[in-house]
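As structure tokens, the structure follows; a few thoughts come after it.
The values are calculated or read from the model by the stated rules, or taken from the named source; none is laboratory data. Quick caveat: nothing in here was measured; it's all calculated off a predicted structure. No Cβ is skipped: glycine too gets one built from the backbone with ideal geometry, and neighbour counts run over all protein chains shown. To get the accessible areas, we keep the full protein, side chains included, count just its heavy atoms, and leave off ligands, DNA and RNA. Shrake-Rupley method; radii C 1.70, N 1.55, O 1.52, S 1.80 Å.
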Amino acid sequence: MAGTNKHPELPARLEAEFASLMRELSACGHQAPALIERARLPRWCRRPLFFFLGYIARADGRVTEADIGHAESLIKAMKLSGRQRRRAIGWFQQGKAAGQLPFIRGLALRLSRRLWPAPALKTAICLCHATQLNGRPGKPRRYRCEDAIDQIGLPVSISDDIFDSYASKVWARHTTSVARPTSYQQACEVLGVTRRDSLEIIKRAYRKRVSECHPDKLAQLQVSASEKELAKERLLTYQQAWELIKRHHTAS
């Protein structure tokens, strides 16, 4: 995104801040709570954030454990005290009960976004993360997320870019199956290396692939049961590829 203006409707300062935050989000493994822990969110953003989270969580008629878990993860990332946590939960409950968004709820973020764009953009990332907790979001959740982002004065194209980033870096990891390798060439292709690469390079690639579908990583991402099953299949495929490659080098 650097070097191009993907959002001509945005001031240059806001566009640059968005590009920086998206790079930070990628560095955090597309985990919004980790981003908030590293790039702090001002206190006055808490009320609209948790209100909007509750509003999005109720999009399908019921709040899931993943929605609650995401809110709790943000509370932990912000290092809120017991009293502050109770207030955040109260705001979440208010948002959950809201049939529509009151204009005033995102007013502070809307007014501040031109001079200080980071709070509005960080909030938008947290909301988009909440929207896709179970993978590609359905229309009700996405529409509610877009309503909230509009309330804080950002264009829908911002949420589109955030979702596109999750689609390419998170959803794709857990929705595409990998064919089991039967030859050294296929094993290299599975791990994303070439026949000319050294065993050490291949080993690093293998470890990286395995880490992407490790059960601990999936627990942090709060993926669905079907995505966990696909990830388990991918893990077995990577392990088979690595065993085939090791046998090939032992026999050489």
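Structural remarks
- Test: residue 47 is exposed (fewer than 14 other Cβ atoms within 10 Å of the Cβ), more than 15 Å from the chain's Cα centre (by Cα) and within 19 Å of residue 110 (Cα to Cα): no
- Among the candidates 110, 86, residue that is charged (D, E, K, R), in a helix (DSSP H, G or I) and modelled with pLDDT under 95: 110
Residue-by-condition table, conditions (1) assigned to a helix (DSSP H, G or I); (2) among the acidic types (Asp, Glu):
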site	(1), (2)
37	yes, yes
47	yes, no
50	yes, no
53	yes, no
62	no, no
66	yes, no
70	yes, no
74	yes, no
79	no, no
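- The range 81-96 residues that are free of Cβ contacts under 8 Å to residues at least 24 places away in the same chain, paired with ones that are part of a helix (DSSP H, G or I) (beta carbon under 6 Å, 6 or more apart): 85/75
- Residue within the range 203-212 that is under 22 Å from residue 129 (Cα atoms), open to solvent by less than 80 Å² (accessible area, probe 1.4 Å) and modelled with pLDDT under 85 present: yes
- Top-ranked residue in the range 187-198 [being open to solvent by less than 70 Å² (accessible area, probe 1.4 Å) and of a type outside the set (Ser, Thr, Tyr); ranked as farthest from residue 238 (Cα to Cα)]: 197
- Filtered residues of the range 85-121 (kept if touching an Asp or Glu at 6+ places or on another chain (Cβ under 6 Å) and small (Gly, Ala, Ser)): 118
- Residues that are more than 23 Å from the chain's Cα centre (by Cα) and open to solvent by 50 Å² or more (accessible area, probe 1.4 Å), drawn from the range 77-92: 81, 83, 86, 87
- Any chance residue 24 is among the acidic types (Asp, Glu), open to solvent by less than 30 Å² (accessible area, probe 1.4 Å) and either under 23 Å from residue 154 (Cα atoms) or in contact with a helix residue (DSSP H, G or I) (Cβ under 7 Å, 6 or more places away or on another chain) (or both): no
- Among the numbered conditions (1) open to solvent by 40 Å² or more (accessible area, probe 1.4 Å); (2) closer than 21 Å to residue 41 by Cα; (3) under 21 Å from the mean Cα position of the chain (by Cα), the only one that residue 71 does not meet is (1).
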